[in-house]
1. Out of region 148-162, which residues are in a loop (DSSP other than H, G, I, E, B) and surrounded by 12 or more Cβ atoms within 10 Å (Cβ to Cβ)?
2. Could you identify the single residue in 128, 99 that is surrounded by 11 or more Cβ atoms within 10 Å (Cβ to Cβ), part of a helix (DSSP H, G or I) and not assigned by TED's automatic domain parsing to the domain that holds residue 23?
3. What tally of residues in region 21-77 results from selecting those that are outside any loop (DSSP other than H, G, I, E, B) and hydroxyl-bearing (Ser, Thr, Tyr)?
4. Quickly run through region 22-73 and pick out the residues that are closer than 24 Å to residue 111 by Cα, out of contact with any Gly (no Cβ under 6 Å at 6 or more places or on another chain) and charged (D, E, K, R).
5. Out of 148, 137, which single residue is in contact (Cβ under 8 Å) with a residue 60 or more places away in the chain, under 19 Å from residue 33 (Cβ atoms) and not assigned by TED's automatic domain parsing to the domain that holds residue 32?
6. Looking at region 25-41, can you tell me whether even one residue there is more than 15 Å from residue 91 (Cα to Cα), surrounded by fewer than 10 Cβ atoms within 10 Å (Cβ to Cβ), modelled with pLDDT of 80 or more and within 17 Å of the chain's Cα centre (by Cα)?
7. Looking at this structure, is residue 65 in the same structural domain as residue 104 (by TED's automatic domain parsing) and more than 19 Å from residue 98 (Cβ to Cβ)?
8. Is region 114-125 home to any residue that is in contact with a Leu (Cβ under 7 Å, 6 or more places away or on another chain), part of a helix (DSSP H, G or I) and under 30 Å from residue 168 (Cβ atoms)?
Amino acid sequence: MPFALYEYNAAFGRFFSQTMRVLAQAYSPLLAEMRFIEMPGTVGSRVRDRQGMDVVLDPGNISTEVTSDLKAVRAGDYERLYEAMYESADSMAEQLVGYFVEGMGKVTEGTGNVTDADGRPFGFDVLYETLEKLEFSVDENDELVMPSLVMHPTQAEKLRDLAPLTDEQQRKLDELKERKREEALARRRRRRLS
């Protein structure tokens with residue numbers, strides 16, 4: 001216990017935990033996009049697949065360790081503590097991203113939202129097939145909200161390097177977006193009726 005008083009120790013624990021989470025988010029662009037919600041305990045999730053079966057996502061087990069010289073910290077020498085925190089936050093970010101990607105893999109497999117390119121190179125057709133499988137949403141002004149895509153860095157680079165859309169591809173994409181917008185509005189209307 002770094003502090004003699006329980007209240008100080010508890011406050012330090014909360015501060016330290018929040019600091020580690022912020023540092024982990026700084027290490028990972030994916031984590032930086034996420035909103036974290038503190039829960040009193042650990043809970044898993046269930047997602048219904050297309051056959052009506054549950055895809056179970058167990059609570060994640062993320063752990064990290066920070067070791068520093070307590071006498072140095074009490075004396076105001078924080079350098080070793082900072083180094084240990086940065087190393088630990090990097091490890092924490094790697095674990096959190098791994099847990100997220102594993103969970104998303106289970107959900108996309110279970111719900112049928114996986115696109116198999118069948119050996120085709122990544123291009124507009126593969127991207128279009130992927131977007132076609134996804135559920136889009138609309139904002140409070142009924143404007144379409146494009147889904148976020150989480151991709152391996154090499155795939156993301158291929159996406160950035162795609163040639164500009166042809167007129168036909170742009171038309172096809174615009175039609176898809178309009179259809180997805182109408183589907184999202186219809187889902188919203190059904191939710192309001194029930």
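The values are calculated or read from the model by the stated rules, or taken from the named source; none is laboratory data. Here the structure is a predicted model, which means the values were calculated and not measured. Cβ placement follows ideal geometry from the backbone for every residue including glycine, while neighbour counts extend to all protein chains displayed.
1. Of everything in region 148-162, those that are in a loop (DSSP other than H, G, I, E, B) and surrounded by 12 or more Cβ atoms within 10 Å (Cβ to Cβ) turn out to be 149, 150, 151, 162.
2. That would be 128, the only listed residue that is surrounded by 11 or more Cβ atoms within 10 Å (Cβ to Cβ), part of a helix (DSSP H, G or I) and not assigned by TED's automatic domain parsing to the domain that holds residue 23.
3. 2
4. Correct list: 33, 35, 46, 48, 54.
5. Values: 137 fails: in contact (Cβ under 8 Å) with a residue 60 or more places away in the chain.
Exactly one of 148, 137 is in contact (Cβ under 8 Å) with a residue 60 or more places away in the chain, under 19 Å from residue 33 (Cβ atoms) and not assigned by TED's automatic domain parsing to the domain that holds residue 32, namely 148.
6. Yes, that holds for at least one residue.
7. no
8. yes
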